[in-house]
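This report concerns only the one structure given below.
The values are calculated or read from the model by the stated rules, or taken from the named source; none is laboratory data. Being a predicted model, the structure only gives us computed values, none of them experimental. No Cβ is skipped: glycine too gets one built from the backbone with ideal geometry, and neighbour counts run over all protein chains shown. Remember, those area values only see protein heavy atoms, side chains included, never the ligands or the DNA or RNA. Shrake-Rupley method; radii C 1.70, N 1.55, O 1.52, S 1.80 Å.
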Amino acid sequence: MTKGKLILITGPSGVGKGTIVRELLNRHSQLYLSISATTRSPRPGEVNGKDYYFVNPCQFEAMIASQTLLEWAEYTGNYYGTPRQQVETKIEQGRWVILEIEVQGARKIKKNFSNTLSLFILPPSFAELEHRLRNRGNNSDTDIHKRLEQAKLELQAAVEFDYQIINDDLDAALQRIETVIFSECSQ
Ligand code: 5GP
């Protein structure tokens, strides 16, 4: 994969990765977001093929077996993975492809694609992360608990990535991310 760029955006659930990515896509038409496959159930308003490809565990395991995923991970009891072909096609077309994924998958991408630009999004504090996760209102208490436990491990991985961006204020975080992406990607 040589023509375009892979931009990896990782960090714990609830940190605001999705909001950041949506805003980046609104602002910059050269960016393309890879749509992941998952076995988790759709949340109200989520659309198959737009937010995720929602599949069952058998379908996901078939994707693993046929190597159609660039990376995949099990996260809080569900599978999540990046379909390989859409990413390879867009990179071949010279697009800058964003992967918005959790840390285990992000590590695999970093290992396998050395020229990936990687950004880890941090919350201003753990208490604020918990507050954001609870305020989203779309996860059960059990799921929030699992996500927070996972977040403790994930936050320790921040230093493994090229840039650490604190999402304290959305506009300020976006500005820092745009500076990183557009100075690094134009090289
Ligand atoms: P959610 O259930 O909140 O949509 O996503 C849970 C976590 O899975 C988030 O941290 C999200 O970034 C991550 N995720 C989404 N798609 C993928 C993917 O394709 N691969 C991996 N490894 N993680 C993903």
| task | Scan region 1-58 for residues that are β-branched (Val, Ile, Thr) and open to solvent by 50 Å² or more (accessible area, probe 1.4 Å) and report the count. | result | 3
| query | Pick from region 73-93 the residues that are aliphatic (A, V, I, L, M) and surrounded by 19 or more Cβ atoms within 10 Å (Cβ to Cβ): which of them is nearest to GLY105 (Cα to Cα)? | reply | VAL87
| request: State whether one or more residues within region 83-98 are near the ligand (Cβ under 7 Å from one of its atoms) and either over 19 Å from LEU119 (Cβ atoms) or at pLDDT 95 or above (or both). | output: no
| task | Kindly indicate whether any position in region 151-159 is open to solvent by 40 Å² or more (accessible area, probe 1.4 Å), over 15 Å from the mean Cα position of the chain (by Cα) and closer than 13 Å to GLY14 by Cα. | result | yes
| Is there a residue being touching a Pro at 6+ places or on another chain (Cβ under 9 Å) and either buried (at least 17 other Cβ atoms within 10 Å of the Cβ) or modelled with pLDDT under 95 (or both) anywhere in region 167-174? | yes
| request: Take the residues in region 94-140 that are hydrophobic (A, V, I, L, M, F, W, C) and free of Cβ contacts under 8 Å to residues at least 60 places away in the same chain, then tell me which one is surrounded by the most Cβ atoms within 10 Å (Cβ to Cβ). | output: PHE126
| request: Name the helices (runs of 4 or more DSSP H) wholly inside region 119-187 in which the number of residues that are hydrophobic (A, V, I, L, M, F, W, C) and out of contact with any helix residue (DSSP H, G or I) (no Cβ under 9 Å at 6 or more places or on another chain) is 3 or more. | output: 170-184
| Contacts under 7 angstrom Cβ, first residue in region 72-83 being aliphatic (A, V, I, L, M), partner buried (at least 20 other Cβ atoms within 10 Å of the Cβ), 6 or more apart | ALA73/TYR80; ALA73/GLU102; ALA73/GLY105
| Of all the residues that make up region 94-114, how many are farther than 20 Å from GLY18 by Cβ, touching a strand residue (DSSP E or B) at 6+ places or on another chain (Cβ under 6 Å) and part of a helix (DSSP H, G or I)? | 2
| When region 59-72 is examined, which residues are found to be open to solvent by 50 Å² or more (accessible area, probe 1.4 Å) and more than 8 Å from the ligand (Cβ to nearest atom)? | GLN59, GLU61, ALA62, ALA65, SER66, GLN67, THR68
| task | Please enumerate the residues belonging to region 33-58 that are basic (Lys, Arg) and either within 10 Å of the ligand (Cβ to nearest atom) or in contact (Cβ under 8 Å) with a residue 60 or more places away in the chain (or both). | result | ARG40, ARG43
| request: Determine the pairs where a residue that is more than 17 Å from VAL103 (Cβ to Cβ), located within region 141-156, has a partner that is hydrophobic (A, V, I, L, M, F, W, C) and buried (at least 17 other Cβ atoms within 10 Å of the Cβ) with Cβ atoms under 7 Å apart, the partner being 6 or more residues away or on another chain. | output: ILE144/LEU133
